[in-house]
Amino acid sequence: MEDIFEVPQPGKDLLEKAHQVRLASIKISQAENNNRIKALNFMADYLEKNTKQILDANNEDYIKAEKKGISNALLSRLKLSKEKLNSGIEGVRKVGDLADPVDQVQIKRELSKGLIIERKTVPIGVLGIIFESRPDAVMQISSLAIRSGNGVILKGGSEASSTNTAIVKALKDGLHESGLDENAICLLTSRKDSMSMLNLDKYINLIIPRGSNELVKFIQDNTRIPVLGHADGICHLFVDNEVNLEMALSVALDSKIQYPAACNAIETLLLHKDIAPAFLEKAIPLFDSNNVKLVGDKKSVELGIQYEASLEDWKTEYLDLILSIKIVDNLDEAITHIQKYSSKHTDGIITENLSTANKFMNVVDSAGVFHNCSTRFADGFRYGFGAEVGISTQTLPPRGPVGLEGLVTYKYFLKGDGNIVDDFSSGKAVFTHKDL
């Protein structure tokens, strides 16, 4: 992408929009919990009132995208059915049911007589979200931003432009109706603006990219603003030799086909050599009947896999009905393969041996490590976060699906009674460091 894009300086119009969002974010950060909850309910109401306009806009976007020949994975993410929209609207309301993440006291301690320190959660400020396709993400992100007292600048892909515009209009109308500043939500529509955002370090506190590996890496390389996100979703599932075979088949199938365009769908299936023949005997026709193309190493080809995998397959996030298969000698070989190729998103193991499971989960350094369940559970809504702004595969927190708790930071409040440091240096006063 470096050859295609240069990061331009923001123009006057973008600077004015960013300034408005910054001012609105300050007002939102000071809003009472009940007012932020009320705002979410109004936002959901206006989404419901505008259902037809939103779905018509999405249909228009989908037809245009299909004609342009964009990938099936992006088409799948772009499509907004009535059920999906209703689910998103319900998600906006449910974010209001979550505990208030703002102004929570994490530490309260007496440093000395009359000198009390508190550490409390506060909003981050302004979030910059750059994403491809997925118009339902607009609802999730906006609701989480308002609930956590933040402003948000959104830049979606051009393929979802009409849908995003319709959704954001409804959200802003609801925010305005609630009495909060509608400028707290801003949608950018030009490609130039999406790149200029990267130079808005005076206005944006955190950028969260949701899209291709190429997009995320470009953003990480071209901004001074902190970036939270993941570039790839190369997820693995290891089937141990001590397994319930039917469970292993069911979990493996769900992990691949339930929604193959998702970043938490598996791309590689690792099979213990002792279970591989029995597993593949049942798995090959099962995956074939679900239109999954299987590619495998030489050992798995000898057991019936039709296509041989290349080195590139172990590095690829297919986001499609393709699954690479590798047969390993033992748990250690499976872990070594995952450590080499995993994007540290989500990796799982199927085994009846708790010792084996515990070793796998303790050694594999991914944001999510699962035992005897589908990798598709790696999702903020399914974790009970209400929704997510994205998934982070970085080691430092927040990590994994990022919900409300990832959209606040903290600051220290120190209250005294004329206390001075010199009294402690001279021995007139002493530190008590007593938790209250």
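The values are calculated or read from the model by the stated rules, or taken from the named source; none is laboratory data. Here the structure is a predicted model, which is why all the values come from computation and not from measurement. Because the Cβ atoms are built from the backbone with ideal geometry, glycine has one as well, and the counts that use them run over all protein chains shown.
Observations, loosely collected:
- Among the residues of the stretch 345-365, those identified as farther than 13 Å from residue 332 by Cα and in contact (Cβ under 8 Å) with a residue 60 or more places away in the chain are 345, 346, 347, 348, 350, 351, 352, 353.
- Residue match in the stretch 106-128 (condition: under 21 Å from the mean Cα position of the chain (by Cα), among the small types (Gly, Ala, Ser) and in a helix (DSSP H, G or I)): no
- Scanning the stretch 194-217 for residues that are farther than 11 Å from residue 129 by Cα and touching a helix residue (DSSP H, G or I) at 6+ places or on another chain (Cβ under 6 Å) yields a count of 3.
- Taken over the stretch 372-381, the residue count meeting the criterion of being in a loop (DSSP other than H, G, I, E, B) and either farther than 20 Å from residue 98 by Cα or under 10 Å from the mean Cα position of the chain (by Cα) (or both) is 6.
- The residues listed here are 365, 417, 422; of these, the one that is out of contact with any Gly (no Cβ under 8 Å at 6 or more places or on another chain) and outside the structural domain of residue 272 (by TED's automatic domain parsing) is 422.
- Breaking point among (1) closer than 23 Å to residue 261 by Cα; (2) touching a residue at least 60 places away in the same chain (Cβ under 8 Å), for residue 408: (1)
- The residue list 396, 331, 404 contains one member that is closer than 29 Å to residue 273 by Cβ and either among the hydrophobic types (A, V, I, L, M, F, W, C) or assigned by TED's automatic domain parsing to the domain that holds residue 120 (or both), which is 331.
- For residue 152, the conditions (1) modelled with pLDDT of 95 or more; (2) out of contact with any Ser or Thr (no Cβ under 7 Å at 6 or more places or on another chain); (3) of a type in the set (Val, Ile, Thr) all hold with the exception of (2).
- For residue 384, the conditions (1) more than 13 Å from the chain's Cα centre (by Cα); (2) under 21 Å from residue 255 (Cα atoms); (3) surrounded by 14 or more Cβ atoms within 10 Å (Cβ to Cβ); (4) not basic (Lys, Arg) all hold with the exception of (3).
- Per the conditions (1) of a type in the set (A, V, I, L, M, F, W, C); (2) without any contact (Cβ under 8 Å) to a residue 24 or more places away in the chain; (3) under 28 Å from residue 379 (Cβ atoms), the sole criterion not satisfied by residue 338 is (2).
- Residue 111 being surrounded by fewer than 24 Cβ atoms within 10 Å (Cβ to Cβ), at pLDDT 95 or above and hydrophobic (A, V, I, L, M, F, W, C): yes
- Listing of helices (runs of 4 or more DSSP H) fully contained in the stretch 1-82 that carry 1 or more residues being under 22 Å from residue 126 (Cβ atoms): 12-30, 33-49
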